[in-house]
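Report on one structure; see the data block that follows.
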Amino acid sequence: MSEEIKLPASSYEELIKIIMAYGSTKIKEPNLEELSKLCGIPTTTISRNSGFLVATGIIEGGKSKTITEKGRALARALEHNKTDEISRLWREIILENEFLNKMVTAIKIRNGMDHQSFQSHIAYSSGQSNNSYVKTGSNTVIEIIKIAELIVESDGKLIIKNQTDDSVNIEETRINSLNKEETGVNNFEINRRNGILINIDIKVHAKVDELDYLAEKLKKILSDINNLDD
């Protein structure tokens, strides 16, 4: 099912030059000509990447665009080549973006995909016409997810990277971030009323096109548990 998102129109190398140009200019709402002078990339190419940069919260605005605090932090990390910080910031961007989040989840559900299959999946899911820009953008998205250290390549397949404390169970992180405060209240009320601590481990098997409804279903389960009679 397509998600109607603008993919990058450039390679990862060009994309980060555009981000760094936004981060380095002293003009609050730089025009394309100003950005082009800073990064050496044609204005038409910069413009084609604007949709993706807006969708991921790196820049914001209408006709005139400005870099966000999130984008500025990423631009600074890129400028100084702070590898760990670059990975962390891209990871945050991915987890906060529904489309990118789903692309990582697709890898997890399928227990890995080869590069071409994943590239095709991203292109199709974006809802954009199949052209050279979309293919380039799909490959750039893959590069971003790899740099975020959410996936790695192993034996010709892209798989979820095994991570520890600071990493992500993709579905779980997204659901928790949707309504962390309400979830905390539910857990507290269950513990207070029953006098014991109950840990519930819910495992969900879902198709890709069912992920949109996953959070709502789990919230209903929590609500039903919380409303049980003592």
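The values are calculated or read from the model by the stated rules, or taken from the named source; none is laboratory data. Note that the structure is predicted; figures quoted are calculated from it, not measured. Here Cβ is always computed from backbone atoms with ideal geometry, including for glycine, and neighbour counts include all displayed protein chains. The area values use the complete protein model at the heavy-atom level, side chains included, leaving out ligands, DNA and RNA. Shrake-Rupley method; radii C 1.70, N 1.55, O 1.52, S 1.80 Å.
Descriptive notes on the structure:
- Complete set of residues in the stretch 8-29 that are part of a loop (DSSP other than H, G, I, E, B), touching a helix residue (DSSP H, G or I) at 6+ places or on another chain (Cβ under 7 Å) and farther than 18 Å from Leu100 by Cα: Thr25, Ile27
- Ser87, sole failed condition from (1) closer than 27 Å to Ala123 by Cβ; (2) touching a Ser or Thr at 6+ places or on another chain (Cβ under 9 Å); (3) open to solvent by less than 50 Å² (accessible area, probe 1.4 Å); (4) part of a helix (DSSP H, G or I): (2)
- Criterion (closer than 30 Å to Ala106 by Cα, at pLDDT below 95 and charged (D, E, K, R)) met by exactly one of Glu3, Glu13, Glu69: Glu3
- Counted residues, the stretch 122-138 - those being assigned to a helix (DSSP H, G or I) and either touching a helix residue (DSSP H, G or I) at 6+ places or on another chain (Cβ under 6 Å) or open to solvent by less than 20 Å² (accessible area, probe 1.4 Å) (or both): 7
- Residue in the stretch 129-147 that is more than 14 Å from Pro8 (Cα to Cα) and touching a residue at least 24 places away in the same chain (Cβ under 8 Å) present: yes
- Single condition Ile5 does not satisfy, out of (1) in a loop (DSSP other than H, G, I, E, B); (2) hydrophobic (A, V, I, L, M, F, W, C); (3) farther than 23 Å from Asn101 by Cβ: (3)
- Filter result for Glu79 (surrounded by fewer than 15 Cβ atoms within 10 Å (Cβ to Cβ) and free of Cβ contacts under 8 Å to residues at least 40 places away in the same chain): no
- Residue within the stretch 22-30 that is more than 25 Å from Asn81 (Cβ to Cβ) and not acidic (Asp, Glu) present: yes
- Counting only residues that are open to solvent by 10 Å² or more (accessible area, probe 1.4 Å), in contact with a Gly (Cβ under 8 Å, 6 or more places away or on another chain) and assigned to a helix (DSSP H, G or I), the stretch 55-76 holds 3 of them.
- Summed over the stretch 30-59, residues that are β-branched (Val, Ile, Thr), in contact with a helix residue (DSSP H, G or I) (Cβ under 8 Å, 6 or more places away or on another chain) and free of Cβ contacts under 8 Å to residues at least 12 places away in the same chain total 1.
- Single residue of the stretch 1-26 satisfying the filter (open to solvent by 80 Å² or more (accessible area, probe 1.4 Å) and either of a type outside the set (A, V, I, L, M) or more than 25 Å from the chain's Cα centre (by Cα) (or both)) that is farthest from Arg72 (Cα to Cα): Glu4
- Among the residues making up the stretch 76-106, those that are farther than 11 Å from Ile145 by Cα and among the β-branched types (Val, Ile, Thr) are Thr83, Ile86, Thr105.
- Qualifying residue in the stretch 158-179 (condition: modelled with pLDDT of 55 or more and touching a Phe, Trp or Tyr at 6+ places or on another chain (Cβ under 6 Å)): yes
- Filter pass, Ile41 being more than 24 Å from the chain's Cα centre (by Cα), of a type outside the set (Lys, Arg), at pLDDT 95 or above and not in a helix (DSSP H, G or I): yes
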